[in-house]
Structures are given as C-alpha cells and as structure tokens.
Amino acid sequence: MAIQTESRWVGAAIVAQSAESLETVTVVSGSGVLEAGTVLGEAGWIAGRAVGSVAGTGNGTVSDVLTGPQVLTGSYVLTCIATATHGGTFRVVAPDGSRLPDLVLTPGAGVATRYETDHIALVVTDGSTDFALNDTITIVVSGTAPTVEGTGNGTISAIALGPDAECGTYRYICTAAVANGGRFEIVGPRSQSLGSYLLTVGAGAATVIRTRHLTATITDGTTDFAVGDTFRVVVSRSSYTLSAPYAPRTHDGRSRLLGVLYRRIDASTTAARATVLVRAGVVARGALTYTPALQTAEQAAAERALHARGIAVR
C-alpha cells in the first residue's frame with residue numbers, strides 16, 4: 001500500500017491576521033510544490049541600465065536619467081497630452097500600467113525641466129521644435145550593461161547583485177584620471193559613498209570591484225577615462241508581486257523576505273498565484289517552512305525580518 005503524505009491545511013502556520021494582512025503574489029516557475037507556511041522572499045531583481053529616447057514631432061531631449069526605490073524593469077512611457085509653446089504636459093505610465101504624476105514642462109525656449117518620482121527621475125530640455133500631441137519619451141529599464149557617459153570608452157560588465165543591493169541607481173564616477181586606468185568612486189542610490197577604487201593599470205586591463213551592494217568589472221578602453229566619466233548601474237525589479245522561496249544567500253530579490261504562504265501551491269513548471277501574509281499577523285514557529293533548509297542563525301534572522309513587517313512568530 002502506497003504511503004500518502006497529507007499536505008498542510010490552508011492557513012496552518014497563521015495564527016492571526018486580518019483581511020488587510022494578505023496579498024496575492026505570483027510565485028515564479030521552478031519554485032516547486034510549496035506547503036502552507038513556506039517563508040517567501042521577493043524575486044526578479046536585476047542590474048542593468050535605464051535609457052531615454054524621444055519620438056515624434058518635437059526635438060526636445062531627455063538626459064540625466066536616474067531611478068528610485070520603486071523602479072520596475074520595463075518601459076516608462078511619457079506621452080504628450082497637452083501642447084504649449086516651448087512646453088507641454090506628459091502623461092507618465094509605469095511598466096505595470098500604473099499612472100505616475102504628470103510631467104509639466106516649464107515653458108521657455110531651451111528650458112530644462114526636472115521630473116522626479118520614486119520610480120524614475122529625468123531632465124527634459126525644450127528643443128527648437130515644440131512637442132506635439134502623442135509625442136513620446138520612453139525610458140527603458142533593462143538588464144543590459146550601461147555604457148560610460150563621458151570621454152573614455154572603457155566598459156563595465158559582469159554586474160552581479162550583492163546582499164545589500166537596493167533598487168535605484170548606482171553611479172561609478174571617475175575621480176582621478178590615470179593612463180590606462182583611473183580611480184572610481186561608487187555612489188549608492190541614497191547618495192551614500194560605497195568606497196573609492198583604483199583600477200589595475202594596463203592597456204585593456206580588467207578590474208573587478210566588489211562591494212556588498214554590487215560586483216562589477218571595469219575594463220580599460222582605447223580612450224582613457226576622464227574625471228567625471230560615469231557608469232549608471234540601475235537595480236530594478238520586474239514586479240512588486242513576484243515571489244520565490246526565501247533564500248538569504250541568493251541576491252536576486254529572494255533574500256528580501258516577503259511573508260508567509262497561506263495555502264499550498266504548485267509552481268514546479270509554471271508560475272502560480274499565491275496568497276501571502278505580508279503584514280500585521282501572528283504565525284506559528286513550528287509550522288514555518290524554509291526552502292531550502294536554512295541554518296539556525298538564518299532562521300532567526302528571518303524571524304526578525306518577519307517581525308519588522310509586523311508579523312509575530314510564536
């Protein structure tokens with residue numbers, strides 16, 4: 001007679017919660033069969049770049065593109081919905097379809113308007129030909145490595161997320177010019193300095209720079225870096241609701257604890273929708289499941305992270 005294992009019942013790990021405590025997320029394919037009580041993290045974080053372009057009648061320009069803590073992978077589309085001489089108003093839509101505050105250009109020939117949200121920031125400069133209705137400005141956030149802004153033509157590659165990575169823009173700024181080399185300071189998304197690093201000197205030499213936020217390789221080019229040359233590395237997430245089993249040693253979002261699975265799901269071969277306790281609740285310690293199995297210290301850290309989200313473990 002075959003032995004059958006009964007799956008854990010719905011809400012087995014959850015002692016108390018309110019309707020506002022639960023959210024629906026998508027658990028990525030390949031996560032396996034997850035029982036109620038599985039501790040989940042985020043998923044889908046990548047490192048890459050954000051590039052702006054203008055299409056339509058107007059010949060204004062977009063520059064100084066930065067990203068914020070809520071940035072998503074994909075295209076931010078700004079569409080002209082009202083025209084004005086040397087100005088205009090743009091509707092701004094995020095990759096998930098949500099609408100951000102409108103961009104209203106400051107009127108004036110050649111005037112630059114700064115637009116900033118917790119998703120993206122940019123500067124639009126008026127051109128000699130005014131923007132027309134339905135002209136678009138598109139900011140594409142992707143996993144493609146950025147190119148240098150400035151004089152040098154060296155490259156940055158092999159960008160990997162570290163345990164302290166945050167969504168937003170990291171800037172690698174040349175602070176000292178050296179023949180076939182240079183010194184770069186790394187500035188984080190909150191304008192915090194992450195250190196200053198001297199490149200290995202040599203024609204075509206590659207230097208691996210490691211911080212707890214990012215690891216990247218900068219390679220010397222045929223034209224030397226000049227002071228002020230900058231790589232802008234963007235860390236973004238593909239969705240606010242993409243999830244996978246919590247994995248503190250994996251730095252693609254899974255080390256950011258999201259919550260506790262409410263009912264059993266099967267995400268072995270396809271993504272699965274799941275209900276998750278993400279705030280303001282109580283869970284039973286003995287019913288929590290960690291996939292893969294975590295060390296005792298890591299489980300204790302996970303419990304602290306749950307507590308920080310307002311979820312008590314008893």
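Where a number appears in this text, it was derived from the coordinates with a stated rule and is not lab data. Predicted model only: the values in this text are computed from it and were never measured. As a convention, Cβ positions derive from the backbone with ideal geometry for all residues, glycine included, and neighbour counts pool all protein chains shown.
Restricting region 208-225 to residues that are crowded, with 18+ Cβ neighbours inside 10 Å and touching a Gly at 6+ places or on another chain (Cβ under 8 Å) leaves a set whose member that is nearest to I173 (Cα to Cα) is F225. Within region 167-181, the residues that satisfy the criterion of being in contact with a strand residue (DSSP E or B) (Cβ under 9 Å, 6 or more places away or on another chain) and buried (at least 17 other Cβ atoms within 10 Å of the Cβ) are C167, G168, T169, Y170, R171, Y172, I173, C174, G181. Against the condition touching a residue at least 24 places away in the same chain (Cβ under 8 Å) and acidic (D, E), how does D164 come out, does it pass? Answer is yes for this residue. Only a single criterion out of (1) of a type outside the set (K, R); (2) surrounded by 22 or more Cβ atoms within 10 Å (Cβ to Cβ); (3) in contact with a Gly (Cβ under 7 Å, 6 or more places away or on another chain) is not satisfied by P189, namely (2).
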